[in-house]
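> First the structure, then my questions, so here it is.
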Amino acid sequence: MTDTSTSAHRASRPARAPRRDAAENRIAILDAAISELNHDPDASLETIASAAGLSRRSIYGHFSTRDELVAELNDRGIARVTAALAPIRHSDARVALALVGARLWSEVEDVRVTAQLAIRGPRREIVAEGLEPVRSGVLAIVEQGVAAGQLRTDIEPRTLARLIEGAALSVLDEAVRDDISHAEGHRLVILVALSTAGLSWREAAELIDASPELALGAQPEASTRHSDSSTGAKA
C-alpha cells in the first residue's frame, strides 16, 4: 500500500540545485561553443565537447542536439543585448542612436560570426522576435529625433528605424567578411547609423568627436565575453 503522506512530502520538497561540476561543465560547453562556432559555424558537438575538455557523452548530458545548444546561445545573446541597450537614454536623439550602435557593437564584436549566424540563419525569425524590445527602443529614439528636427523627416519613422537597423547589421556582415578591428567597427557602426538617419558624413564625424560618451573607451565592457553572465547571439 502506498504511503500517500510520504509521497506528498517528497513531491513538495524543492528540487535540488544541479551539482557544482555539472553547472560548471555547462558553462564550459557554452564558452567553447562560442569560440568554436566563431571559427567554424558548422562545428560539431563533438568538436565543442573536445574544446571544453569534456567527452562526447558529457555534452549530450546537457544538449541532446547541436540545434539545442545553438538555441541556448541565441537566447542568452538576445537577453544580453537587450539588457545592454535598455538603459540608453539621451536628450539628443543623435547621440542616443549612436550609443545604441556602439553598445550593440561592443556586445557582438567578439562573437561576430555567431551573431551573424543568429541574425541571418534558420532561427532568424525567433531571434528577431526576441530582439523586439531593442527595435522598439530604436523606434522611440527615431521618433524623438524626428520630432525634435534632429533626424531626417522625409522618411516615416518606423521605416527609418528599420533602415537604421539594416545599416547597423551591414557592419556586422562587413566585420565577418573583412575581419575589421574593434575600433574600426565601433566607429563604422555609429557612422552608418547616423548617415542613414540623415546626417552628412562630416556632421556624423563631428558629433562623434564632440561626444565623450561615444568614445571607444567609454563603452561598458561587453557582457558577451562570459556565457554565464546575465546581462540579460555576438548574434
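The values are calculated or read from the model by the stated rules, or taken from the named source; none is laboratory data. This structure is a prediction, so every number in the text was calculated from the model and none was measured. Here Cβ is always computed from backbone atoms with ideal geometry, including for glycine, and neighbour counts include all displayed protein chains. Please note that ligands, DNA and RNA were not included when accessible areas were found on the heavy atoms of the full protein model with its side chains. Shrake-Rupley method; radii C 1.70, N 1.55, O 1.52, S 1.80 Å.
> For the stretch 158-194, enumerate the residues that are open to solvent by 60 Å² or more (accessible area, probe 1.4 Å) and outside any helix (DSSP H, G or I).
Result: D179, single match.
> Condition first: in a loop (DSSP other than H, G, I, E, B), at pLDDT 95 or above, open to solvent by 40 Å² or more (accessible area, probe 1.4 Å) and farther than 30 Å from R177 by Cβ. Can you find one or more residues in the stretch 41-59 that meet it?
For the stretch 41-59, residues in a loop (DSSP other than H, G, I, E, B), at pLDDT 95 or above, open to solvent by 40 Å² or more (accessible area, probe 1.4 Å) and farther than 30 Å from R177 by Cβ: absent.
> Over 30 Å from E203 (Cβ atoms) and among the β-branched types (V, I, T) - does that describe any residue in the stretch 85-103?
no
> From the residues in the stretch 63-86 that are surrounded by fewer than 19 Cβ atoms within 10 Å (Cβ to Cβ) and small (G, A, S), which one is farthest from E107 (Cα to Cα)?
By that ranking, first place goes to S64.
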